[in-house]
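A short write-up of the structure that comes next.
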Amino acid sequence: MSRAIRDEITGLILSRGLGPGDPVPTETELVDALGVSRNSVREALKALQALDIVEIRHGFGTYVGRLSLDPLADGLTFRALRDIGRDLRSLAEILEVREALENALIRRVAAEVPEADLATLDEIVRRMNERAESGGTFADEDREFHEVLYRSLNNSLVTQLLRAFWDVFHRVGHRLDADPDPARTVRRHRAIVDALRERDPARAEVAMTAHFRDVNVRTARPRSG
């Protein structure tokens, strides 16, 4: 019954063409429209809020949510943390999916990446190198690099998926060994940019694969101690 009510509410949102931020009918309206109890409607709305389909603003009403992939990232993070006490297989599987996605996308990017994006990627790699030389980390730059890498595809789902995978990896990062060779990681990123500048899809994929081989080293075992 609970799932049926959720489906009815989402169906109503779709049929009315409501988008993120638009108000959803009130609880009273939903009770009358669906012929169910107020408690049933409230429970269904709470479940939909957990999926970011609706946003409940107490004192103001209920609105269509951002429809983000945050719930996916939360679920994957919990799965990885649950298993990390035994092994890192769950995290390795997440990285395997991300690698397959990026290896496919990088070939498309190589054929159409704008010069402006190449210049931005160069600047990001420069900042990564500065941080590596000073003994620092560059997680923010790394994330920015991968987002800029695919923005020419103009695909918001790709951006959200990669962001979800990224969030999972870095939310469990405290349980992993540190990057053993930051300078090499910088070189891996620079190799990707060089391949893109040559408009060489095969070389770009090889560079991306090499980058992920280094990432996978960190997921070989949990941090000791």
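Of all residues in region 175-201, those satisfying the criterion of being over 22 Å from Val97 (Cβ atoms) and either outside the structural domain of Glu123 (by TED's automatic domain parsing) or part of a helix (DSSP H, G or I) (or both) are Pro182, Ala183, Arg184, Val186, Arg187, Arg190, Ala191, Val193, Asp194, Ala195, Leu196, Arg197. The set of residues from region 81-92 being more than 15 Å from the chain's Cα centre (by Cα) and assigned to a helix (DSSP H, G or I) comprises Leu81, Arg82, Asp83, Arg89, Ser90, Ala92. When you check Asp167 against the structure, is it out of contact with any Lys or Arg (no Cβ under 7 Å at 6 or more places or on another chain), of a type outside the set (Lys, Arg) and over 30 Å from Pro71 (Cβ atoms), yes or no? It is false that Asp167 is out of contact with any Lys or Arg (no Cβ under 7 Å at 6 or more places or on another chain), of a type outside the set (Lys, Arg) and over 30 Å from Pro71 (Cβ atoms). Looking at Ala183, Ala104, just one residue is free of Cβ contacts under 8 Å to residues at least 40 places away in the same chain, surrounded by fewer than 17 Cβ atoms within 10 Å (Cβ to Cβ) and of a type in the set (Gly, Ala, Ser), and that residue is Ala104. Only residues that are in contact (Cβ under 8 Å) with a residue 12 or more places away in the chain and surrounded by fewer than 18 Cβ atoms within 10 Å (Cβ to Cβ) were counted in region 53-64, giving 2.
The values are calculated or read from the model by the stated rules, or taken from the named source; none is laboratory data. Note that this is a predicted model, so its numbers are computed, not measured. In this analysis, Cβ positions are derived from the backbone assuming ideal geometry, glycine residues included, and neighbour counts consider all displayed protein chains.
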